[in-house]
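Visitor: The following block contains the structure, expressed as structure tokens.
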Amino acid sequence: MADDPDLIPPGDDQRIVDLRQALEERYLSYALSTITQRALPDARDGLKPVHRRILHAMRLLRLSPNEPYKKSAKVVGDVIGGFHPHGDQSIYDAMVRLAQDFAMRYPLVDGQGNFGNIDGDGAAAYRYTEARMTDVAMRLLEGIQDDAVDFKPTYDGSNEEPVVLPANFPNLLANGSQGIAVGMATSVPPHNVAEICDAALHLIMNPSATVAELMQFIPGPDFPTGGILVEKAPSILNAYETGRGSFRLRSRWVREDKGRGVYQIVVTEIPYGVQKSKLVEKIAELLLAKKLPLLKDIRDESADDVRLVIEPRAGTVDPVILMEQLFKLSELEQRIPLNLNVLDRGTVPKVMSLKEAIAAWLQHRKDVLVRRTNNRLGEISRRLEVLDGYIIAYLNLDEVIRIIREEDDAKASLMATFNLTDVQAEAILNMRLRSLRKLEEIELRTEHKALTEEKGHLEALLASERKQWGEIARQIGELKKDYGKDTPRGRRRTDFSEATEVDLDEVATAMIEREPITVILSEKGWIRSMRGHTTEIDEKGFKTGDRLKLFVHAQTTDKLLLLSTGGKVYTLAGDRLPGGRSQGEPVRLMVDIEEGQDLVDLFVYRPGKKRVIASRKGDGFIVSEDELIANTRKGKQVLNVTGTEEALLLVPVDGDMVATVGQNRKLLVFPLTELPEMGRGKGVRLQKFKDGGLSDLKTFASATGLTWTDSSGRTYTKPMSELPEWIADRATAGRQVPTGFPKNNRFVG
């Protein structure tokens, strides 16, 4: 009933609409507007609408490089009033960025006044700054008056603006672009123009060239702030082929010796897009938080150039290791993303490869060339028509004068008498008397001849695609000459290098004072360390009802590994254990041991060593200690156990044989080679049991035989010649333990 039109009260333009459909349509409209009119650049000129409108307004204001500066407020006002009805601050911010030499590889605006700095300070208000265009901007606009591009009505229909600029400059790749739209984004780092020109010339000569071939000319981005690119070539190639990837960019630094074994590090270039003041502030915070143990101080001594002075803790600190630590923890190293998502022909968003981006610019240059040529041909044809009329007038000068003086309709008479067109007759009638001299006729014929020759060349150009590409190659050659690598503007600023691989764990270890400690673990899971190696543990050091579980001798630089009954291994640092005369701290405060699980073993990590891990049920495998290191509090799952099963032991591999003893006091000996080596899993059956499970396990060398120690401390040794009755295949039952074996069913009584 509510939807019955007859029951709806009368009103103005009342409609019932589907809310979902309306939202979808309007959000899609908004998304497309954001993509095409705000966030993504055009592949042809590399500009977003706001930048294009700024340059167009500056052209109309005649702000060419050889003209005086004008107030930025004048430019912003003209852009708002005529082309871009948005906030003045957003337009001024866009204009400011076009003038910043640390943000743009090739600035489009020549700014006078405070246009911000690399520290992140903003520009002065637009009433204080002045601006004009640079040579690069003039190249982007070159030929716009020659019908090189289409124009469209402005937002209010009172004027026209260019859809795209002629772009005699590869602006998309040269200056790059960043933007975030609805559901998509773009990020194009800047490149070197001379390299882009070389790649474009190669692509003109070899249209089927691959991205790998183009990388011979464009090895990677070239940032306005310089830096060192440490990304590997295969990664750069993949990024350029797919249009998506990233580049590792590092600061440039040098070592300055101060004498007497003291030195300092000076950073002269920082990564693109990093604010210097925030970079220094972040490093200072890390220093105060004691996360940079090799660093003593950092200070900013920059003037017009970048100069960050880094002082090491001591003259013995390796500068490479110090810088590697800073690269990892600070913005002295940045990942610059590549997402070549641009508007193809100004309409369709597309992620382009490097080749496609260059080809889009070249095709646009070809379209501009054809349009400018046709426009010039039209001008020549109109001028030749007038010149033909002038020449006829000179040949019949007396008759022309008579007709003008005596005929009532001179124009019609001229057209009828000499077979002239309307344009020719009008031109003759508008001719000045001073043009009737003889010299003028000679000049007209010379001009006619020159224009006729030019017309022939232009028609030949339009008729031959090969000549068109030749003309484009000539233009690119001139651009390369002006921005070659031997010029101040064109030299490459970003160099390439290999990243020095340094183990930062070793760096951290090197800063810890190496001291012997005894690590003590109690039955209730409390842990602490004592200075020195001792075997005498004072029972008074435990809480009431608690007692010693085990202890190990270690160094403060060691890592300690703990095995839980759940099959997880946890990692602790020897220098971070509670010490002194305290009773320690619960291990559960240091690592996240799951509820209901207990600690089984504690030992010192030894790189490269191997161990056998086993469950109480009797399953196990060999695992490398390198695989046991856990980087988080949650530990690392190594042995998979289910239900009531528990991890029982994690013993070192020391030999080529394995001896297992069950709770049923049966001993089994088999070769170590029968156990698989794994990083994680359930493992294989070690010994077969009817009742109970595994009690203990030991590895030994066949050359020395199997040893064990009883409760009295006596050591027994069984050579291999006395063990045949216990040697069998893995997963068999074994035989009763030999005489003298400890009653607790363990190899150490």
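Visitor: Arrange Lys559, Lys540, Lys71 by Cβ neighbour counts within 10 Å, fewest through most, would you? Mind dumping the intermediate values first?
Guide: Details: Lys559 19, Lys540 6, Lys71 16.
Sorted ascending by nearby Cβ count, the order is Lys540, Lys71, Lys559.
Visitor: Would you mind checking which residues have amide H under 5 Å from Leu229's amide H? H placed 1.01 Å from N; only 5 or more apart, or other chain.
Guide: Hits under the 5 Å cutoff: Arg250, Asp495, Phe496, Ser497.
Visitor: Sequence gap at least 6, Cα distance under 8 Å: using those rules, report the relative contact order of the stretch 47-166 to the nearest whole percent. Numbers along the way, then the final one.
Guide: On the way: 178 pairs, mean separation 32.5, N = 120.
Relative contact order comes out at 27 percent.
Visitor: Among Gly120, His84, Val164, flag the residue with its Cα farthest along the positive direction of the charge dipole of the stretch 47-166, charges on Cβ as +1 for Lys/Arg and -1 for Asp/Glu.
Guide: Gly120
Visitor: What span do the alpha-carbon atoms of the stretch 47-166 cover on each of the three principal axes, reported in whole Å from largest to smallest?
Guide: Sorted from largest, the Cα extents of the stretch 47-166 read 41, 27, 24 Å.
Visitor: Now a separate question. How charged is the neighbourhood of Gln37? Take every other residue with its Cβ under 14 Å from the Cβ of Gln37, and add Lys/Arg as +1 and Asp/Glu as -1.
Guide: +3
Visitor: Still on this model: Pairs of Cα atoms under 8 Å, at least six residues apart: use those to get the relative contact order of the chain, whole percent.
Guide: Values: 1371 pairs, mean separation 63.1, N = 749.
Relative contact order comes out at 8 percent.
Visitor: Continuing with this model, one more query. To make sure I understand the rule: partners must be lysines, Cα under 26 Å from the Cα of Lys278, and not fewer than 8 residues away in the same chain. Which ones qualify?
Guide: Candidates past the 8-residue exclusion: Lys290, Lys291, Lys296, Lys328.
Visitor: At 222 nm, what value in deg cm²/dmol follows for the chain if DSSP H runs of at least 4 each add -39500 (n - 2.57) and the sum is divided by all its residues, to the nearest 500?
Guide: Per the formula, -10000 deg cm²/dmol.
Visitor: Turning to a different aspect of this structure: Restricted to Cα positions, what overall size does the stretch 600-667 have along the principal axes? Three whole-Å values, descending.
Guide: Principal-axis extents of the Cα atoms in the stretch 600-667, largest first: 39, 33, 17 Å.
Visitor: Hey, rough spin-label estimate for Ala460 and Glu539, points 7 angstrom out along Cα→Cβ, what's it come to in nanometres?
Guide: 11.2 nm
Visitor: Using unit Cβ charges (K, R positive; D, E negative) and no other charged atoms, how large, in debye to the nearest 20, is the dipole of the stretch 252-331 about its Cα centre? Write down the numbers at each step before the final one.
Guide: On the way: 14 positive and 14 negative charges, 63 e Å.
Magnitude of the dipole: close to 300 debye.
Visitor: Sticking with this one: How much net charge surrounds Ser235 when only other residues with a Cβ under 12 Å from its Cβ are counted (Lys, Arg +1; Asp, Glu -1)? Show your work: numbers first, answer last.
Guide: Working: positive: Lys232, Arg244, Arg248, Arg335; negative: Glu231, Glu241.
Net charge around Ser235: +2.
Visitor: Cα convex hull of the chain: mean projected area in nm², to one decimal?
Guide: 60.8 nm²
Visitor: Still on this structure: I need the Kirkwood Rh of the stretch 101-189: take the reciprocal of the average 1/r across all distinct C-alpha pairs and report it in angstrom.
Guide: On the way: mean 1/r = 0.0639 Å⁻¹.
In the stretch 101-189 this quantity evaluates to 15.6 Å.
Visitor: For Lys152, go through the aspartates and glutamates and keep the ones whose alpha-carbon is under 12 Å away, minus same-chain ones fewer than eight residues off.
Guide: Cα-Cα hits under 12 Å: Glu160, Glu161.
Visitor: Could you order the peptides 202-212, 658-668 from most to least packed, using the average number of other C-beta atoms within 10 Å per residue?
Guide: Numbers: 202-212: 14.3, 658-668: 21.7.
By packing density, highest mean first, the sequence is 658-668, 202-212.
Visitor: Follow-up. Relative contact order (percent) for the stretch 284-355, with alpha-carbon contacts under 8 angstrom and 6 or more residues of separation? It would help to have the intermediate numbers written out before the result.
Guide: Values: 63 pairs, mean separation 12.5, N = 72.
Across the stretch 284-355, relative contact order equals 17 percent.
Visitor: Okay, moving on. Rounded to the nearest 20 Debye, what is the dipole magnitude of the stretch 318-421 about its Cα centre when Lys and Arg each give +1 and Asp and Glu each give -1 at the C-beta? Intermediate values should be presented prior to the final figure.
Guide: Values: 15 positive and 16 negative charges, 92 e Å.
Charge dipole of the stretch 318-421: 440 debye, to the nearest 20.
Visitor: Still on this structure: Expressed as a fraction of 2.2 N^0.38 Å, the rule-of-thumb size for a compact globular protein of N residues, what is the C-alpha radius of gyration of the stretch 549-639? Don't skip to the end; give the middle numbers.
Guide: Values: Rg = 13.2 Å, N = 91, 2.2 N^0.38 = 12.2 Å.
It is 1.08.
Visitor: Which GluC sites (Glu not before Pro) in the stretch 267-345 pass both tests, a DSSP loop state and at most 10 other beta-carbon atoms within 10 Å?
Guide: On the way: sites: Glu269, Glu281, Glu285, Glu301, Glu324, Glu331, Glu333; in loops: Glu301, Glu331.
In loop regions of the stretch 267-345 (DSSP not H, G, I, E or B), the sparsely surrounded GluC sites (Glu not before Pro) are Glu301.
Visitor: For Gly566, enumerate residues with amide H under 5 Å from its amide H, sequence gap 5+ or separate chain, H modeled in the peptide plane.
Guide: Long-range HN contacts for Gly566: Asp598, Ala647.
Visitor: If the convex hull of the alpha-carbon atoms of the stretch 646-749 is projected onto planes in all directions, what is the mean projected area in square nanometres? Could you put the intermediate results ahead of the total?
Guide: On the way: hull surface 26.3 nm².
Value for the stretch 646-749: 6.6 nm².
Visitor: Just how far, in whole angstrom, is the stretch 235-297 from the stretch 157-229 if you go by their alpha carbon centroids?
Guide: 27 Å
Visitor: Here is a follow-up. Kindly flag which residue pairs out of Lys549/Lys610; Lys559/Lys682; Lys543/Lys634; Lys636/Lys698; Lys232/Lys282; Lys540/Lys718 have an alpha-carbon separation exceeding 31 Å in this structure.
Guide: Numbers: Lys549/Lys610 24 Å; Lys559/Lys682 25 Å; Lys543/Lys634 27 Å; Lys636/Lys698 24 Å; Lys232/Lys282 28 Å; Lys540/Lys718 40 Å.
Flagged as over cut-off: Lys540/Lys718.
Visitor: Looking only at Cα atoms, what is the convex hull volume of the stretch 263-355 per residue, in Å³? Let's see the in-between values first.
Guide: Values: hull volume 13.8 nm³, N = 93.
Hull volume over Cα atoms, normalised by residue count, gives 149 Å³.
Visitor: Could the peptides 621-629, 50-58 be put in order, highest first, of the mean number of other beta-carbon atoms found within 10 Å of their residues?
Guide: Values: 621-629: 18.7, 50-58: 24.1.
In decreasing order of mean packing, 621-629, 50-58 become 50-58, 621-629.
Coordinate-derived values only; no laboratory data. From a predicted model like this one, the values you see are computed outputs, not experimental measurements. All Cβ positions, glycine included, derive from the backbone under ideal geometry; neighbour counts span all protein chains shown.
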